[in-house]
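Novice: Take a look at the following structure, please.
The values are calculated or read from the model by the stated rules, or taken from the named source; none is laboratory data. The structure presented is a predicted model; accordingly, all values stated were derived computationally and were not measured. Positions of Cβ are generated from backbone atoms using ideal geometry, with glycine treated the same way; all protein chains shown enter the neighbour counts. Heads up: the accessible areas ignore ligands, DNA and RNA and are worked out on the full protein's heavy atoms, side chains in. Shrake-Rupley method; radii C 1.70, N 1.55, O 1.52, S 1.80 Å.
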Amino acid sequence: MSEISKYGVVGNPIKHSKSPEIHSTFAEQTNQQMQYLPILIALDGFQSGIQQFVAKGGRGLNVTVPFKQQAWDIADELSERAQLAGAVNTLSFVDGVIKGDNTDGTGLVRDLTANQCFDLKGKSILILGAGGAVRGVLGPIIDEMPSSITIANRTLSKAEVLKGVFSDVFDIQVMSFESLNKSYDLIINGTSASLQQELPPLPDCIVDADTILYDMMYSKEPTVFNRWGNKLGADKTIDGLGMLVEQAAEAFSLWRGVSPDSRLIIDKIRKSF
Ligand code: ATR
C-alpha cells in the first residue's frame, strides 16, 4: 500500500494558520489521500527544516511569514510568476528537485474576478505599499490588463524599485500618499499598517461611489482600511480572506492536479470567526 502523501505549511509563528483547515477541506472535497500539517520552523532553521520534511517523504509545502524569501533562495526551479514575485509561497518536491511557485497574486486576482465578479481589464488600480506582499501580486494583476497601476508608498524609493522590476511589462506610476489627487476604480491595501490597526495617511478624494477597496489583510471585524472606505461611501469593501483561500486552492491544484471548490470554505471560515 502506498504511503499517504505529506504536505504542510511552514512559518514562524504557525499556530494561527488557517491553511491546515483549508487544505484538509479541499482534500475531503476532492477525495485526495493526503495529510497536511502546520510545521513550526526555528527562525534560523529554514533549510534544515525543509531537508527534514523532504527526508520524511514530504511532497509539498506552503510557506508563510517570514520564510517566503528563503523559500525563493532554496528552490532549484522557479516558475515565471515566482521569479517576478521575488518570493515563493509554494514548494513542491519532485524527484529530488525543489520547485518554487508563488500563488498569492493568482489568489488575489481569482478572488476579485471569480468571487467578487470584478473584471480588472481597463480599470485604474491604486496599490498601497511596496513590500513583499505587493511585489508578490503585481505580475498577475498586470496580466489582467488594467488601464493604469499606481503604487503609493511611505518610502518612495521602494515603490521606484518595484516600478523598475516590472518596467518591461507595464508602466507603473509611483506616488507618495500625500500627492494622490484623484479617485480609482480599485484600491488595494498591501501595506502591513492594518496589522497595527493603522491607516496610511490617505486623502479622501481617492475614493468615490464607484471605488472598490480590497484589503489584503482579513480579520473578524472590518479592517481599519475597509471601515475608512465604507465611511467615504465606497461601492464595496473586501478583505483578504478570499485571497487566502484562493492562493491555497491554486497550490492544491498544482500539487494534486484537481481544483477544489473554494467558495464553501470561504463561507465556513467567515462563519467560524
Ligand atoms: P510585507 O511582506 O507584508 O509586504 P514588508 O515587505 O515589510 O512586509 O512591507 C510592508 C509595507 O507596509 C511597506 O510598504 C511599508 O511601508 P515602507 O516601505 O515605507 O516601510 C508599509 N507599511 C507598514 N506600516 C505602515 C504604516 N503604518 N503606514 C503606511 N505604510 C506602512
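Novice: If you check LEU61 against the conditions, is it touching a Ser or Thr at 6+ places or on another chain (Cβ under 9 Å) and assigned to a strand (DSSP E or B)?
Specialist: So LEU61 fits the description; yes.
Novice: So, of the residues in the stretch 202-224 that are hydrophobic (A, V, I, L, M, F, W, C) and either surrounded by fewer than 16 Cβ atoms within 10 Å (Cβ to Cβ) or in contact (Cβ under 8 Å) with a residue 40 or more places away in the chain (or both), which turns out to be farthest from ILE22 (Cα to Cα)? Give the steps one after another, and end with the answer.
Specialist: First pass over the stretch 202-224, keeping only residues hydrophobic (A, V, I, L, M, F, W, C): 202, 205-207, 209, 212-213, 216-217, 224.
Filter once more, keeping what is either surrounded by fewer than 16 Cβ atoms within 10 Å (Cβ to Cβ) or in contact (Cβ under 8 Å) with a residue 40 or more places away in the chain (or both): 202, 205-206, 209, 212, 216.
Details: LEU202: 34, CYS205: 38, ILE206: 35, ALA209: 34, ILE212: 26, MET216: 18 Å.
Once the filter is applied, the top-ranked residue is CYS205.
Novice: Here's another thing I want to ask about it. Among the residues of the stretch 250-273, write down those that are of a type in the set (A, V, I, L, M) and within 14 Å of SER219 (Cα to Cα). It would help to see each step written out before you state the result.
Specialist: Pass one, the stretch 250-273, residues of a type in the set (A, V, I, L, M): 251, 254, 258, 264-266, 269.
Matches in the stretch 250-273: ILE266, ILE269.
Novice: GLY136: open to solvent by 20 Å² or more (accessible area, probe 1.4 Å) and in the same structural domain as MET217 (by TED's automatic domain parsing), yes or no? Walk me through it before giving the result.
Specialist: Numbers: open to solvent by 20 Å² or more (accessible area, probe 1.4 Å): no; in the same structural domain as MET217 (by TED's automatic domain parsing): yes.
Considered against the rule, which asks whether it is open to solvent by 20 Å² or more (accessible area, probe 1.4 Å) and in the same structural domain as MET217 (by TED's automatic domain parsing), GLY136 comes out as no.
Novice: Only residues that are open to solvent by 50 Å² or more (accessible area, probe 1.4 Å) and either over 18 Å from the mean Cα position of the chain (by Cα) or small (Gly, Ala, Ser) (or both): list them for the stretch 1-37, please.
Specialist: MET1, SER2, GLU3, ILE4, LYS15, SER24, GLU28, GLN29, ASN31, GLN33, GLN35, LEU37 - these are the residues of the stretch 1-37 that are open to solvent by 50 Å² or more (accessible area, probe 1.4 Å) and either over 18 Å from the mean Cα position of the chain (by Cα) or small (Gly, Ala, Ser) (or both).
Novice: Criterion first (open to solvent by less than 10 Å² (accessible area, probe 1.4 Å), in a loop (DSSP other than H, G, I, E, B) and not assigned by TED's automatic domain parsing to the domain that holds ALA249) does LEU199 satisfy it? Break it down into steps so the answer makes sense when it comes.
Specialist: Numbers: open to solvent by less than 10 Å² (accessible area, probe 1.4 Å): no; in a loop (DSSP other than H, G, I, E, B): yes; not assigned by TED's automatic domain parsing to the domain that holds ALA249: yes.
Considered against the rule, which asks whether it is open to solvent by less than 10 Å² (accessible area, probe 1.4 Å), in a loop (DSSP other than H, G, I, E, B) and not assigned by TED's automatic domain parsing to the domain that holds ALA249, LEU199 comes out as no.
Novice: Of the conditions (1) closer than 19 Å to THR64 by Cβ; (2) open to solvent by less than 60 Å² (accessible area, probe 1.4 Å); (3) among the aliphatic types (A, V, I, L, M); (4) not in a loop (DSSP other than H, G, I, E, B), ILE188 fails just one. Which one is it?
Specialist: Here ILE188 meets the rest and fails (1).
Novice: A follow-up question, please. Give LEU78, LEU84, LEU112 a once-over and let me know the one that is open to solvent by less than 10 Å² (accessible area, probe 1.4 Å) and either at pLDDT 95 or above or on the phi < 0 side of the Ramachandran plot (or both).
Specialist: Numbers: LEU78 fails: open to solvent by less than 10 Å² (accessible area, probe 1.4 Å); LEU84 fails: open to solvent by less than 10 Å² (accessible area, probe 1.4 Å).
Result of the check over LEU78, LEU84, LEU112: LEU112.
Novice: Can I ask one more? Mind listing whichever residues of the stretch 211-222 are within 17 Å of the chain's Cα centre (by Cα) and not aliphatic (A, V, I, L, M)? Steps first, please.
Specialist: Restricting attention to the stretch 211-222, the residues satisfying the condition of being within 17 Å of the chain's Cα centre (by Cα) are 213-219.
Result: TYR214, ASP215, TYR218, SER219.
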